[in-house]
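J.: Below are the structure tokens for one structure; questions will follow.
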Amino acid sequence: MVKTTVTTLAKCKTQKTKIAALTAYDAAMTKLLNNAGIDLILVGDSLGMVIQGHETTIPVTMDDMLYHTRCAAKANTSALLVADMPFGSYLSTEQALYNATKLMQAGAAMVKLEGGSDLADIIAKLTKAGIPVCAHLGLMPQSVNQLGGYYVQGKNKEQAQKILDDAKSVTKAGAKLVVLECIPESLATTITTTIKAATIGIGSGKGTDGQILVTHDMLGLSSNTYKFCKSYASLEPLNAITNYIHDVKEGVFPEKEYVLAL
Ligand code: KIV
């Protein structure tokens with residue numbers, strides 16, 4: 001089976017083929033997503049809320065991420081496997097290099113970290129070390145205590161400019177993928193058409209190069225309900241994932257009711 005790679009992401013962007021992404025934290029979910037034909041699987045630190053029952057992603061440790069990345073990697077045959085770097089695991093370049101290396105050795109093909117221009121040096125060093133990087137901008141859940149809650153980001157002109165500048169900065173540093181979480185659709189579209197890296201949106205409208213949701217949320221397996229999350233819970237699991245992929249690829253999802261801000 002042909003695996004999705006960073007080259008595939010670049011091709012999707014130039015050919016305007018949408019990238020369908022979902023989360024998985026174990027072998028069973030990874031197998032299901034592979035069978036449905038998902039492009040990208042994120043072993044997200046959302047596992048702190050979904051699997052561990054915490055209120056935020058902050059308690060998630062490197063040991064947790066390594067364990068779940070190994071579980072997902074063992075079953076993955078076709079998707080690009082991206083692993084989150086958890087809170088406090090990339091405070092210095094040395095620490096980031098050490099921890100990202102561990103995630104790659106656990107089976108990830110790319111690591112994701114939350115932040116913009118402040119992480120440019122770290123992103124450049126990881127890239128130089130052969131570690132593909134995904135940057136996460138907009139609503140950054142690891143900064144929830146700074147933000148004061150889970151709110152749409154980039155609604156005013158200054159904030160929007162900062163997020164756009166951050167997207168340019170992480171791309172220049174070498175990031176091959178940028179997750180845009182809970183920002184206005186118009187801003188996500190501008191970023192997507194401006195930067196070379198592919199973009200994946202969550203709660204950020206239709207204009208990104210791809211979409212991602214937390215699988216447990218869209219399957220109705222978690223207690224979380226978010227306005228931007230379309231529910232596929234009425235379908236049996238494989239059918240639900242196949243329908244989601246179809247909706248993303250055809251540009252059906254996100255419909256108007258799942259867009260947080262224009
Ligand atoms: O941790 C996660 O699952 C994520 C996605 C929501 C993008 O970061």
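The numbers here are math on the coordinates, done by the rules we state, and not lab data. Please read all numbers here as calculations on a predicted model, not as lab measurements. With ideal geometry, Cβ positions are generated from the backbone for all residues, glycine too; neighbour counts draw on all protein chains shown.
J.: If you plug each phi of the stretch 235-244 into the Karplus form 6.51 cos²θ - 1.76 cosθ + 1.60 with θ = phi - 60°, what whole-Hz ³J(HN,Hα) values come out, in order, with x for Gly and Pro?
T.: 9, 5, x, 5, 5, 4, 5, 4, 5, 4
J.: Could you please report the charge total around residue 46, scoring K, R as +1 and D, E as -1 over all other residues with beta-carbon less than 9 angstrom from its beta-carbon? Could the numbers behind the result be given before it?
T.: Working: positive: none; negative: 45, 84, 217.
Overall, the nearby charge balance is -3.
J.: Another question, if that's okay. Step through the table entries 13/172; 112/172; 13/249; 155/227; 11/162; 18/74, compare each Cα-Cα distance with 19 Å, and write down the pairs that go over it. The partial results should precede the final answer.
T.: Values: 13/172 17 Å; 112/172 16 Å; 13/249 12 Å; 155/227 17 Å; 11/162 27 Å; 18/74 26 Å.
With Cα atoms farther than 19 Å apart: 11/162; 18/74.
J.: Show me the ranking of peptides 237-244, 249-256 by mean Cβ neighbours inside 10 Å, starting with the highest.
T.: 237-244, 249-256
J.: How big is the chain on each of its three principal axes, counting only the C-alpha atoms and giving the largest first in Å?
T.: Result for the chain: principal-axis Cα extents of 44, 40, 38 Å.
J.: Now, a different point. Rounded to a whole number, what is D in µm²/s for the stretch 1-154 from Stokes-Einstein with the Kirkwood radius over alpha-carbon pairs (25 °C, 0.890 mPa s)? Don't skip to the answer; put the middle values down first.
T.: Values: Rh = 15.9 Å.
Taking Rh from Cα pairs, D becomes 155 µm²/s.
J.: Could you order peptides 21-33, 158-170 by the average number of other Cβ atoms within 10 Å of their residues, highest first?
T.: For the peptides 21-33, 158-170, the packing ranking is 21-33, 158-170.
J.: Suppose a student asked you for the relative contact order of the stretch 6-258, using Cα pairs under 8 Å spaced at least 6 residues apart; what percent would you report?
T.: Details: 508 pairs, mean separation 47.8, N = 253.
Result for the stretch 6-258 is 19 percent.
J.: Under the rule of -39500 (n - 2.57) per DSSP H run of 4 or more residues, summed and divided by the residues of the chain, what mean residue ellipticity at 222 nm is obtained, to the nearest 500 deg cm²/dmol? The partial results should precede the final answer.
T.: Numbers: 11 runs with 108 residues, N = 262.
Value at 222 nm, helices only, nearest 500: -12000 deg cm²/dmol.
J.: Distance from the Cα centre of the stretch 81-140 to that of the stretch 152-185, in angstrom?
T.: 17 Å
J.: Also, I was wondering about something else. Which Cα, out of 195, 258, 99, lies furthest along the positive dipole direction of the chain (beta carbon charges, K/R +1, D/E -1)?
T.: Going by the Cα projections, it comes out as 195.
J.: Still on this structure, I have one more. Placing +1 at every Lys and Arg Cβ and -1 at every Asp and Glu Cβ, with all other atoms neutral, what dipole size does the chain have around its Cα centre, in debye to the nearest 20? Walk me through the numbers on the way to the answer.
T.: Values: 24 positive and 23 negative charges, 176 e Å.
The calculation lands at about 840 debye.
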